[in-house]
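Peer 1: Just dropping this structure here.
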Amino acid sequence: MELLQSKIEKDGVVISEDILNVDGIIHHMVDPALMEAVGEDIAAHFADRGITKVVTVESSGISPAIMAAKSLKVPMVILKKEPSKILHADLIQTMVTSYTKEMSYELTLAHRFIQPEDHVLIVDDFLSNGETATAAIRLLRHCHATIAGVAVLIEKTFQPGREKLEDSGVEVYALTRIKKLTGDQILFEKD
């Protein structure tokens with residue numbers, strides 16, 4: 001997606017050869033028009049898949065996921081990184097290790113929001129090692145839902161996330177693909 005790529009080129013900050021800071025695009029400041037375009041693009045790609053729910057992990061995936069859900073005319077479900085203090089009865093959890101944050105946490109889903117008949121699209125900000133998406137898939141499969149695919153704004157193609165997900169039978173759709181982060185340069189894949 002050219003619009004997203006140009007925003008990344010303009011406002012993305014290379015922290016290291018593995019980490020790209022997009023605080024001014026996705027994480028702390030969000031451009032609603034960009035997120036609407038992102039949501040429409042994702043919805044167009046998955047339009048004929050019979051999606052019944054869009055799922056994301058708090059918090060950076062919420063903006064693109066809500067716009068994709070709006071375009072698909074389906075609800076969005078947020079997987080929590082910390083269990084709710086008031087919800088206890090129907091929670092299911094799985095461990096995730098975040099490569100970027102160098103920490104582990106329990107990803108949590110209130111089971112009642114995902115049913116066996118659901119056909120779910122996972123939307124997130126980044127795909128790097130695939131740990132977050134794999135954990136989300138574990139939770140959704142525990143509920144016997146089917147996975148329509150994983151859509152991400154930014155894929156780091158130099159990390160194994162896509163391969164891991166595709167090897168498990170899950171389609172990956174990335175709006176922007178980065179092949180290398182070096183110095184202050186962001187090198188994009190040419191499709």
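Peer 1: Can you give me the long-range amide H partners of Ile19? Hydrogens built in the peptide plane at 1.01 Å from N, cutoff under 5 Å, separation of 5 or more residues or another chain.
Peer 2: Amide H neighbours of Ile19: none.
Peer 1: Follow-up question, since we're still on this one. Amide H to amide H, which residues 5 or more places from Leu91 or on other chains are under 5 Å from it, using H placed in the peptide plane?
Peer 2: Answer set, sorted by chain and number: His111.
Peer 1: Distance between Cα centroids, the stretch 23-76 to the stretch 113-190: provide it in whole Å.
Peer 2: Using only Cα atoms to place each centre, the spacing works out to 14 Å.
Peer 1: What list of ³J(HN,Hα) values in whole Hz, one per residue of the stretch 49-60 in order, does the Karplus curve 6.51 cos²θ - 1.76 cosθ + 1.60 (θ = phi - 60°) give from phi, with Gly and Pro shown as x?
Peer 2: Running phi through 6.51 cos²θ - 1.76 cosθ + 1.60 with θ = phi - 60° gives 9, x, 5, 10, 8, 10, 10, 9, 10, 4, 10, 5 Hz.
Peer 1: So which lysines pass the test for Lys73, namely a Cα distance under 17 Å, with those fewer than 8 places away in the same chain ruled out?
Peer 2: Within the straight-line limit of under 17 Å, Lys73 reaches these lysines: Lys53.
Peer 1: Sticking with this structure for a sec: Determine the sum of side-chain charges near His119: Lys and Arg each +1, Asp and Glu each -1, restricted to other residues whose C-beta is under 12 angstrom from that of His119. Don't skip to the answer; put the middle values down first.
Peer 2: Working: positive: Arg49, Lys53; negative: Asp48, Glu117, Asp118.
Value of the local net charge: -1.
Peer 1: Using amide H atoms built 1.01 Å from N in the peptide plane, name the residues 5+ places from Phe188, or on other chains, whose amide H lies under 5 Å from its own.
Peer 2: Lys179
Peer 1: Using the Cβ atoms and a cut-off under 10 Å, what net charge is assigned to the surroundings of Val13, where Lys and Arg are +1 and Asp and Glu are -1?
Peer 2: Working: positive: none; negative: Asp11, Asp23, Asp184.
Charge balance in the 10 Å sphere: -3.
Peer 1: Here's something else I'd like to know. If we count every other residue with Cβ under 14 angstrom of Ala37's Cβ, Lys/Arg +1 and Asp/Glu -1, where does the sum land? Write down the numbers at each step before the final one.
Peer 2: Values: positive: Lys7, Lys70; negative: Glu2, Asp31, Glu36, Glu40, Asp41.
Charge balance near Ala37 sits at -3.
Peer 1: With a 1.4 Å probe and all protein chains left in place, how much accessible area per residue does the chain have, in Å²?
Peer 2: Numbers: 9540 Å² over 191 residues.
Ligands and nucleic acids excluded, the figure is 50 Å² per residue.
Peer 1: Here is a follow-up. Return the single residue from Ala33, Ala110, Ala133 with maximal mean-square fluctuation; model: Gaussian network over the chain, springs between Cα atoms under 10 Å.
Peer 2: Most flexible of the set in this elastic network: Ala33.
Peer 1: Moving on to the next point. For Met29 and Glu9, calculate 0.36 nm times their separation in residues minus their Cα-Cα distance, and state this gained length in nm to one decimal. All intermediate terms of the calculation are to be shown ahead of the outcome.
Peer 2: Numbers: separation 20, 0.36 × 20 = 7.20 nm, distance 1.60 nm.
Gain on extension, Met29 to Glu9, equals 5.6 nm.
Peer 1: Report ³J(HN,Hα) in whole Hz for each residue of the stretch 40-48, in order, from the Karplus equation J = 6.51 cos²θ - 1.76 cosθ + 1.60 where θ = phi - 60°; Gly and Pro get x.
Peer 2: 5, 5, 4, 4, 5, 5, 9, 4, 9
Peer 1: Taking the DSSP beta bridges in the chain as the whole, what percent of them are antiparallel, to the nearest 5? Let's see the in-between values first.
Peer 2: Working: 15 of 36 bridges.
Here the share of antiparallel DSSP bridges comes out near 40 percent.
Peer 1: Moving to a separate point now. Based on DSSP H runs of at least 4 residues, each adding -39500 (n - 2.57), what is the mean residue ellipticity at 222 nm of the chain after dividing by all its residues, to the nearest 500 deg cm²/dmol?
Peer 2: Values: 5 runs with 54 residues, N = 191.
The per-residue figure over the chain is -8500 deg cm²/dmol.
The values are calculated or read from the model by the stated rules, or taken from the named source; none is laboratory data. What you are looking at is a predicted structure, and each value in this text was computed from that prediction instead of being measured. Glycine also receives a Cβ, built like all others from the backbone with ideal geometry; neighbour counts cover every protein chain displayed. For the accessible areas, the whole protein counts, side chains as well, though only heavy atoms, and no ligand, DNA or RNA atoms are used. Shrake-Rupley method; radii C 1.70, N 1.55, O 1.52, S 1.80 Å.
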